[in-house]
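Read the structure below first, then the notes.
The values are calculated or read from the model by the stated rules, or taken from the named source; none is laboratory data. Since this is a predicted model, take the numbers as computed values, not measurements. Every residue, glycine as well, gets a Cβ built from its backbone with ideal geometry; the counts of neighbours run over all protein chains shown. Heads up: the accessible areas ignore ligands, DNA and RNA and are worked out on the full protein's heavy atoms, side chains in. Shrake-Rupley method; radii C 1.70, N 1.55, O 1.52, S 1.80 Å.
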Amino acid sequence: YHPDKQAAGMAAAEAEERVRRFLEIHEAWKVLGNEETKQEYDLQQREDNLTKEWPLHEQIYLEDMSWNEDEQLYTLSCRCGGNYSVSKSETKDVSLVCCDTCSLVIEILQ
């Protein structure tokens, strides 16, 4: 798809499509090649996948979760006996949290 590798006699529409595809790949590389933007992308993908595949158990506020000072972690017990856990550093980026035992998910409201 690289513009320098296109054949000279290529149709304009095909050349445009190849340039568009090259730019998409370049943008993806910029996001995934940077640790900070990759983490944001991964969190968004995880959240999108959870909303599509897993049942939402309830919506809660962060204040409703228990705070563990030693671990710097918010937790909430799930009805299955497992726990929902989110670290303090993740609270701004994460709105959906999986139970560590079952398939239920909670949404953290801001």
Q: Just grab the label-to-label distance for S89 and A8, each label 7 Å out from Cα along the Cβ direction, in nm (one decimal).
A: 5.5
Q) Remind me, what semi-axes does the chain give for its equivalent ellipsoid, largest first in whole Å, using sqrt of 5 times each Cα gyration tensor eigenvalue? A) 43, 15, 10
Q. What percent antiparallel are the DSSP beta bridges of the chain, to the nearest 5?
A. 70
Q. Per-residue ellipticity at 222 nm for the chain, helices alone: DSSP H runs ≥ 4 residues times -39500 (n - 2.57), over residue total, nearest 500 deg cm²/dmol?
A. -12500 deg cm²/dmol
Q.
Nothing charged except the Cβ atoms of Lys and Arg (+1) and of Asp and Glu (-1): what's the magnitude of the dipole of region 25-110 about its Cα centre? Round to the nearest 20 debye.
A. 220
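How much of the accessible area of the chain, in percent, comes from carbon and sulfur atoms when a 1.4 Å probe is used?
Carbon-and-sulfur percentage of accessible area, whole number: 47.
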Q.
On C-alpha positions alone, give me the angle between the axis of helix 35-53 and the longest principal axis of the chain, in degrees, nearest 10.
A. 70
Q. In whole angstrom, how long is each semi-axis of the equivalent ellipsoid of region 12-51, when you take the square root of 5 times every eigenvalue of its Cα gyration tensor and sort them from largest down?
A. 27, 14, 4
(Q) Can you tell me the length gained on complete extension of the stretch F22 to D70, counting 0.36 nm per residue apart and subtracting the Cα distance? (A) 12.5 nm
(Q) Keeping all protein chains in place and using 1.4 angstrom, which order do R18, R79 fall into by accessible surface area, from largest down? (A) R79, R18
